[in-house]
2 protein chains.
Amino acid sequence: MSDGDSGRKRILDSAAFILRTKGFGAARLSEIAQGAGMLAPSIYHHFKSKDEVVEEVMLSGIYRNTRHIVAKVEVLGPETAPVDRLRAAIVAHVEFLLSGDDYSSAVARSFGDLPSEMKQRVLAAYATFDSYWRDLLVAASPSGNDAQTTVARKFLIAMLDSCPSWYRAGRLGPTQIANQAADLFLGGFAP
Amino acid sequence: MSDGDSGRKRILDSAAFILRTKGFGAARLSEIAQGAGMLAPSIYHHFKSKDEVVEEVMLSGIYRNTRHIVAKVEVLGPETAPVDRLRAAIVAHVEFLLSGDDYSSAVARSFGDLPSEMKQRVLAAYATFDSYWRDLLVAASPSGNDAQTTVARKFLIAMLDSCPSWYRAGRLGPTQIANQAADLFLGGFAP
DNA sequence: ATATCTGCCGAATAGCCGTTCGGGAGCCTA
DNA sequence: TAGGCTCCCGAACGGCTATTCGGCAGATAT
């Protein structure tokens, strides 16, 4: 959010921050504008509506989150065990969320509250993200049961996405939380 | 929500349903009133403000959810292993959420979006619920590490609370989902 | 210097939503 | 019959918010 950035980017950065911290329902255009160093009407010079700003934040969040995870997984050798690929994805997702990326956190926080019309449009982009997780889980699944991995995926993503809502910088760093998430999901709490 | 109920209860039931399905940010007083079979101003005969309605829904949701879980756990004999007590709690929580209790689902969905002032008040009631989980986890924890069980608790509750947002009645019933949640959390995905 | 384009502001508007107020219908009590 | 109480409605108000519009400063170009 430095002053050198273009007005458009400043608006998106500010909106991502607001959506992450306050959620969609409490995101006011005036506050987004303030974070971008301008007043509310000035936003309309860059965007057609408030919803357009929000939608672009959501799409950016999904894209960059997906890119980050895929990169961290695919950097592993092709002979890496599926479980280790899944572990890498979990760690990458949590670290990305907790490292302070407002866009991905905004998605985790506000996606469920989006107006249904916008939600369906964003869902198309989300499908890429979702199916990547599906492939990872299916490959690593011992049982191979389809319904089970689907439910497990829902649980996993909900679990990981909750991080930004309760994590506070303290004794445990993002990497430790990320590894614990992987241990917990893969190995269980009381094996 | 039958017609025989008092106006006050009809309002609370309707509000719980709205909060569960649309979330706090999109909950309109007019829609709550409509679900209760009346018009918006009539609500003020029973409650002082919209926030008061919401707060009572949250408190009821927490109370009845806690009661339900505690009952299902404490019915087990005193010699039941801690892991089995934890398992019973997980199953009870998921079943309660998915059985269609709007109050507990409303808490799971809308608690994070509450205005901070109300949130702190509700948090006091939530502490009972939270500490019960803490005790269950500590007792069942193999490591006994405090920070680890705290993080595990956050992950667990987030995981379970997400159920109402993605569950659709179909092949898998609430009980099956509940058992799978317990298996997943306790045993892990790829042990 | 004139014209033009970009990026922003000030003022104003329209709509939605929570809230207030006065009153009316039904019912119980005396 | 008269009074009072419960529960609800109709109308209206005020505040907040997204949005529109006209204009102005600064940079750039001609």
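Remarks
- Search result, residues across the stretch A:99-113 that are surrounded by fewer than 21 Cβ atoms within 10 Å (Cβ to Cβ) and farther than 19 Å from A:Ala169 by Cα: A:Phe111, A:Gly112
- Residues being over 15 Å from the mean Cα position of the chain (by Cα), in a helix (DSSP H, G or I) and closer than 22 Å to B:Ile32 by Cα - total across the stretch B:84-115: 0
- Residues (within 14 Å of another protein chain (Cβ to nearest Cβ), charged (D, E, K, R) and out of contact with any Asp or Glu (no Cβ under 9 Å at 6 or more places or on another chain)) located in the stretch B:14-70: B:Arg28, B:Lys50
- Residue match in the stretch B:67-80 (condition: over 26 Å from B:Gly23 (Cα atoms), surrounded by fewer than 22 Cβ atoms within 10 Å (Cβ to Cβ) and touching a Lys or Arg at 6+ places or on another chain (Cβ under 8 Å)): yes
- Restricting the stretch A:14-39 to residues that are more than 8 Å from DNA strand D (Cβ to nearest atom), within 20 Å of A:Pro115 (Cβ to Cβ) and assigned to a loop (DSSP other than H, G, I, E, B), the residue that is farthest from the chain's Cα centre (by Cα): A:Lys22
- Looking only at the stretch B:40-83, and only at residues there that are assigned to a helix (DSSP H, G or I), of a type in the set (A, V, I, L, M, F, W, C) and within 16 Å of DNA strand D (Cβ to nearest atom), the one that is farthest from B:Leu136 (Cα to Cα): B:Ala40
- Cross-chain or 6+ apart pairs with Cβ under 9 Å, the stretch A:149-165 first and at the interface with chain B (Cβ under 7 Å from one of its Cβ atoms) and within 17 Å of A:Thr21 (Cα to Cα), then among the β-branched types (Val, Ile, Thr) and assigned to a helix (DSSP H, G or I): A:Ser162/B:Ile157
- In the stretch A:101-130, the residues that are farther than 23 Å from B:Arg20 by Cα, acidic (Asp, Glu) and in contact (Cβ under 8 Å) with a residue 60 or more places away in the chain: A:Asp102
- Subset of the stretch B:15-65 (residues that are crowded, with 18+ Cβ neighbours inside 10 Å, away from DNA strand C (no atom under 12 Å from the Cβ), under 22 Å from B:Ala124 (Cα atoms) and of a type in the set (A, V, I, L, M)): B:Ala16, B:Val57, B:Met58, B:Ile62
- Residue in the stretch B:118-125 that is surrounded by fewer than 19 Cβ atoms within 10 Å (Cβ to Cβ), small (Gly, Ala, Ser) and within 13 Å of the chain's Cα centre (by Cα) present: yes
- Check on B:Gln176, out of contact with any helix residue (DSSP H, G or I) (no Cβ under 6 Å at 6 or more places or on another chain) and facing chain A (nearest Cβ under 7 Å): no
- Some residue of the stretch B:131-147 being touching a residue at least 60 places away in the same chain (Cβ under 8 Å), touching a helix residue (DSSP H, G or I) at 6+ places or on another chain (Cβ under 9 Å), more than 12 Å from chain A (Cβ to nearest Cβ) and surrounded by fewer than 22 Cβ atoms within 10 Å (Cβ to Cβ): yes
The numbers here are math on the coordinates, done by the rules we state, and not lab data. Please read all numbers here as calculations on a predicted model, not as lab measurements. Here Cβ is always computed from backbone atoms with ideal geometry, including for glycine, and neighbour counts include all displayed protein chains.
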